[in-house]
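Below is one structure, written out as structure tokens; comments come after it.
What follows draws every value from the coordinates through simple rules; no lab data is involved. Note that the structure is a prediction, hence the values are computed from the model and not measured. We place every Cβ from the backbone using ideal geometry, glycine too, and count neighbours over all the protein chains shown.
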Amino acid sequence: MTDVVLDRIGKHYGKDVALDEIDLTFGRGVTGLLGPNGAGKTTLLRIIATALAADTGTVRVLGQDPLTTRGRTAIRRRLGYLPQEAGFPRGFTVFRFIDYFAILKEWDDRDARHDEVRRVVDAVDLTDVATKRIQSLSGGQRRRVLLAQALLGRPGLLVLDEPTNGLDPAQRARLRDLLSTAGETSTLLVSTHQTDDVAALCERVVVLEHGRVLFDGSVSGLIATADGKVWMSGERSSLARNAWRTGSGLWRNVGAPPAGADLVAPTLEDAYLMLVGDRALAEVGSTS
Amino acid sequence: MTITPPRPVAPAEQAAPPVTTLALAEARRYARHPLFLLAGSVLIVALGAGLVQREVVTVSALEGTVAPAFLIGVFGFVIAHRLTTSMHRTGDVVGTTPTTPLRRTAALCLACLVPATAGVVLLLIDVVFGAIWPPEPVPPGQTVAWFGDQPTVPMLAALVASIVLACLGGPLLGVAVARWAPFRGSALLGVVLLVVGCAYGDDLPGSWFAVLPWFNFSDSLVTDGIFRASWLRDGAIPVWTCVYYACLCGLAAVAALLRDAGDHRRTLLTTGAILAVGAVLAVTFSMS
């Protein structure tokens, strides 16, 4: 079932192209969005989340047109959205803040609403601090407060912009558990810079750059593009696209091997770096 | 982190629920606002001190209108402004909920009934204490009741206008200013304009002071620096001033709602026009 259909979507900020007439569809399951800063990920997610209107093209979300008031409201009733950045009004405790958003999400019955708030607070592991003021929480905890409001009502479409920002490894692992479960019944779009999160969570990955789709396919498909291109050796290859010394003291060379290097299995990060790097090289070549 | 099995929870799929739940939430936020609690505390302390000294309505109930109008009405302007703009910090989070800005504004306007209720309580205190301890008669020795030798209906109208409607109008104006000028400093600017305008406007020639959004109904006799007596000032008919202030309150609410009126724009404009005509007629009758 396809919940999101984007047809030749374009968005400009002045002369800058944020999205360049892209076509994408998203259905049930977890899809990861990767791309460098300024690639258009956040713009794309904001358009899907009805926070922003596209300049060109057509958008259908959950079968509705977000350009109409009725359509927008219908989408928002089944949407959970975690923006990349958001602040908090002063004075709210965790519980009251999420309860306020539950009211905004039309949970009218007080008992049912409070049960739901307790559920999402528990789901993001904030029960112990539920009565604390948000200002007193750490950055990771605040991020989870925002995530909790997105989870209210088990939305059919979850749009999460960098959900793992500020989370420690244990919290990230818990979040993966939560999101993978949610992905069984919902359409989940997750934008992140953490390739290991995408590798761990997503069935599908979309790589954006300069507002265009560089890759759209399975995670294993993206990893396969780097097969035979990653080597470990005792020295750095001057021809490698990316190279760094690992904790073992050996150099991981992505792109080109030095003499006597051992071929190793690529990771999603290797494949992503190859993909984005190839693109950058192609552009340098075309402009020179 | 607890993962509970998915359940198809979806609040209100069709028509939007009534705005009362959100209005109650906003009313609770209003009642818990530190500035409102501070204003209430100051008034309670002042009332207590007055009771101890038996000076609550020594001269006239009209003398007690400035403090509620300032502490509840003017402070209320700031509180309502802050409540209205506080959710801006959350950015897209609040904007992607199914509750429209119009409904949020309506809820905020309804929450202004909290300070209005405080105004009613203060009015009742004024009236009850006026009955228990009527003002000193001028000249001494005459029998006085309720508001001394002042007529009851105009006195009640004056008290409703300068206490209750001031407590309602200030916050409503705060919501309207926050909706149309949500920038930092607009609350302070609004308060300065409101207070300075009312203070200096009181010296306008003839009955022109009656066009102010608030003025002191009391005219007093002070000799040798001692407060001897006060009475309803000439130049404004309290009942019509009451109607005028009620129209101004309505206009403030309409102005706030117009910001995101959507399909209700025409209805609101019509209501606003009727209220504006009503305000002009009422103030004209008040001055005549």
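Between region B:78-115 and region A:221-239, what is the C-alpha centre distance in whole Å?
So the two Cα centres are separated by 54 Å.
List the lysines whose alpha-carbon lies under 22 Å from that of A:Lys11, not counting same-chain residues fewer than 8 positions away?
Excluding near neighbours in sequence, the set is A:Lys41.
Near A:Lys229, which aspartates and glutamates are there with a Cα under 18 Å away, not counting those fewer than 8 places off in the same chain?
Answer for A:Lys229, where 18 Å is the Cα cut-off: A:Asp262, A:Glu269, A:Asp270, A:Asp278, listed by chain and number.
What is the order of B:Asp202, A:Asp168, A:Asp197, fewest Cβ neighbours within 10 Å to most?
By the 10 Å Cβ count, ascending: A:Asp168, B:Asp202, A:Asp197.
When the Karplus curve 6.51 cos²θ - 1.76 cosθ + 1.60 is applied with θ = phi - 60°, which whole-Hz ³J(HN,Hα) does each residue of region A:86-100 get, with x for Gly and Pro?
7, x, 10, x, 6, x, 7, 7, 4, 4, 5, 5, 5, 4, 4
Using a Gaussian network model on chain A with a 10 Å cutoff between Cα atoms, which of A:Leu263, A:Leu273, A:Leu157 fluctuates the most?
Residue with maximal mean-square fluctuation among A:Leu263, A:Leu273, A:Leu157: A:Leu263.
If you plug each phi of region A:61-66 into the Karplus form 6.51 cos²θ - 1.76 cosθ + 1.60 with θ = phi - 60°, what whole-Hz ³J(HN,Hα) values come out, in order, with x for Gly and Pro?
Values per residue, Gly and Pro as x: 10, 6, x, 10, 8, x Hz.
About the Cα centre of chain A, how large is the charge dipole given +1 on each Lys and Arg Cβ and -1 on each Asp and Glu Cβ? Please answer in debye to the nearest 20. Walk me through the numbers on the way to the answer.
Numbers: 36 positive and 36 negative charges, 164 e Å.
Dipole size: approximately 780 debye.
Using the Cα atoms of region B:19-287, I'd like the radius of gyration and the largest Cα-Cα distance, Dmax, both in angstrom.
19.6, 69
Show the residues, 5+ positions off or on another chain, whose built amide H is closer than 5 Å to the amide H of A:Leu158.
A:Gly80, A:Thr187, A:Leu188, A:Leu189
Taking 60 Å as R0, compute the FRET efficiency from the Cβ-Cβ separation of B:Tyr200 and A:Lys15 and round it to 0.05.
Values: r = 50 Å, r/R0 = 0.83.
The formula returns an efficiency of 0.75 here.
What residues have an amide H closer than 5 Å to that of B:Gly91, excluding those fewer than 5 places away on the same chain, when H is modeled at 1.01 Å from N in the peptide plane?
Amide H neighbours of B:Gly91: A:Gly87.
Each residue of region B:26-40 in order: what ³J(HN,Hα) in whole Hz does its phi give by Karplus 6.51 cos²θ - 1.76 cosθ + 1.60, θ = phi - 60°, with x for Gly and Pro?
Each residue's phi maps through the Karplus curve to give 5, 5, 4, 4, 5, 5, 8, 5, x, 5, 5, 5, 4, 4, x Hz.
Helix-only estimate, please: 222 nm mean residue ellipticity of the protein assembly as shown, summing -39500 (n - 2.57) across DSSP H runs of length 4 or more and dividing by its residues, to the nearest 500. It would help to have the intermediate numbers written out before the result.
Values: 20 runs with 265 residues, N = 576.
About -14500 deg cm²/dmol.
Please rank A:Leu179, B:Leu156, fewest neighbouring Cβ atoms within 10 Å first, as an exposure proxy.
Final ranking by Cβ density, sparse to dense: B:Leu156, A:Leu179.
Which percent of the Cα-Cα distances in the protein assembly as shown go past 32 Å?
Values: 95299 of 165600 pairs.
I get 58 percent for the Cα pairs in the protein assembly as shown exceeding 32 Å.
How would you rank A:Asp20, B:Asp263, going from fewest to most other Cβ atoms within 10 Å of each one's own Cβ?
The most exposed by this proxy come first: B:Asp263, A:Asp20.
For chain A, just the Cα atoms, rotate onto the principal axes and tell me the three extents in Å, largest first.
Dimensions of chain A along the principal axes of its Cα atoms: 69, 44, 34 Å.
Just how far, in whole angstrom, is region B:165-224 from region A:119-198 if you go by their alpha carbon centroids?
Here the two parts' Cα centres lie 47 Å apart.
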